[in-house]
Amino acid sequence: MRWFWLLLPLLLAGLFWWGMQRNPKELPSVLAQERRPAPDFTLPLLPPYRAEWGEAFRLGDHLGEKPILLNFWASWCYPACYEEAPVLESFWRRYRERVLFVGVNVQDKEAEAVRFVEQFGLSFPSVFDPRGRVGVDYGMYGVPETFLIDREGRVVLRHAGAVDEAALSRYLEEVLR
């Protein structure tokens, strides 16, 4: 029985090492692979968006209107969220009539999330999910992560990590066909 207690830490260390070698960009999204319906949610909007969008945002109210880009982010997500924020804002301004962008701020403090929004002048609506519940429903591995939902309300794409201009352009053109 003593050998078990000696091997257990080695086994756990090996399992941890193996897990750390996995690239989150290569981890599959069952939602996207099987084009499953986007999980619905209702969350409070961050204060800068309440005048235009109301107190809370329900995804289901917008499904079927046009494609939706759902971006999970946090103010503490440096540098990736800081790199993609200007890209997202630029594309939102260009595509806002054809695609709804929605930010989901996860596991953050509201005041810091608002500071991030103001720092980058983000005008697309962002909701506040301090416990990260919606990210679990989407199978999110970490921030930033972006999901694309088609006109029929199905998840068609998951992008892990900061999304750049080339990838975002390709994704939006594909969903708008």
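Starting from residues that are among the hydrophobic types (A, V, I, L, M, F, W, C) and without any contact (Cβ under 8 Å) to a residue 60 or more places away in the chain, keep the ones in the stretch 124-148 and report whichever is surrounded by the most Cβ atoms within 10 Å (Cβ to Cβ).
Here is the first cut: in the stretch 124-148, the ones among the hydrophobic types (A, V, I, L, M, F, W, C) are 124, 127-128, 134, 136, 140, 143, 147-148.
Those still in the list that are without any contact (Cβ under 8 Å) to a residue 60 or more places away in the chain too: 124, 136.
Values: F124: 21, V136: 12.
Here the residue is F124.
Yes or no: R154 charged (D, E, K, R), touching a strand residue (DSSP E or B) at 6+ places or on another chain (Cβ under 8 Å), surrounded by fewer than 17 Cβ atoms within 10 Å (Cβ to Cβ) and over 20 Å from R50 (Cα atoms)?
On the way: charged (D, E, K, R): yes; touching a strand residue (DSSP E or B) at 6+ places or on another chain (Cβ under 8 Å): yes; surrounded by fewer than 17 Cβ atoms within 10 Å (Cβ to Cβ): yes; over 20 Å from R50 (Cα atoms): yes.
When the stated conditions are applied, R154 passes them.
So which residues in the stretch 29-53 are farther than 15 Å from D150 by Cα, surrounded by 13 or more Cβ atoms within 10 Å (Cβ to Cβ) and of a type outside the set (S, T, N, Q)? Write out each step before concluding.
Within the stretch 29-53, the subset farther than 15 Å from D150 by Cα is 29-30, 41-53.
This time we only want the ones that are surrounded by 13 or more Cβ atoms within 10 Å (Cβ to Cβ), so: 29, 41, 43-50, 53.
Hits for the stretch 29-53 are F41, L43, P44, L45, L46, P47, P48, Y49, R50, W53.
Look at the stretch 71-103 and say how many of its residues are of a type outside the set (A, V, I, L, M), surrounded by 17 or more Cβ atoms within 10 Å (Cβ to Cβ) and touching a Lys or Arg at 6+ places or on another chain (Cβ under 9 Å).
Selection size over the stretch 71-103: 1.
Every number here is computed from the coordinates shown, using simple stated rules; none is lab data. Nothing here was measured: the structure is a model prediction, and the numbers come from that model. Cβ coordinates were reconstructed from backbone atoms using ideal geometry, including for glycine residues, and neighbour counts include every protein chain displayed.
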